[in-house]
Amino acid sequence: MGEMSAEFMYTKLSDAKVHFERALDCKHTEFDDLYPYMIEHPQFFWYKRYVAWSELLTIVKLCDELSIEWRDQFTDRQSEYIGKRVMSSRVLDEWYETNDAKEHAG
């Protein structure tokens, strides 16, 4: 694995993390542009989070397969959620460990 490739994966991982956190915070993401007709749909934010979570899991899976350490970009709790792979209400409620962290995310 070349240095450039690992760097590329870290960028993708960081992008996926930001995308998921923006979806959690109900901020604008690429998903809004792809499906503008869905914004009025009551399930829209759930779909948006689901898509962002799936993207994050996919990048993490690739990192695992390429033996690239991904956990250092996340808290221990977040790494644990990612390891379980299930986007539960607990993940949505407790992704940010403190309300302070949530304030600094955006």
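The values are calculated or read from the model by the stated rules, or taken from the named source; none is laboratory data. On a predicted model such as this, the values are computed, not experimentally measured, just so you know. Cβ: placed from backbone, ideal geometry, glycine included. Neighbour counts: every protein chain shown. Surface accessibility is based on the protein's heavy atoms, side chains included, excluding ligands, DNA and RNA. Shrake-Rupley method; radii C 1.70, N 1.55, O 1.52, S 1.80 Å.
Key figures
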{"item": "First in region 48-59 and within 10 Å of K12 (Cβ to Cβ), second anywhere and not in a helix (DSSP H, G or I), Cβ under 8 Å, 6 or more apart", "result": "I59/W70"}
{"item": "Options K17, K12, K27: the member that is open to solvent by 20 Å² or more (accessible area, probe 1.4 Å) and under 8 Å from the mean Cα position of the chain (by Cα)", "result": "K17"}
{"item": "Within region 6-46, tally of residues that are hydroxyl-bearing (S, T, Y), without any contact (Cβ under 8 Å) to a residue 12 or more places away in the chain and within 20 Å of Q78 (Cα to Cα)", "result": "1"}
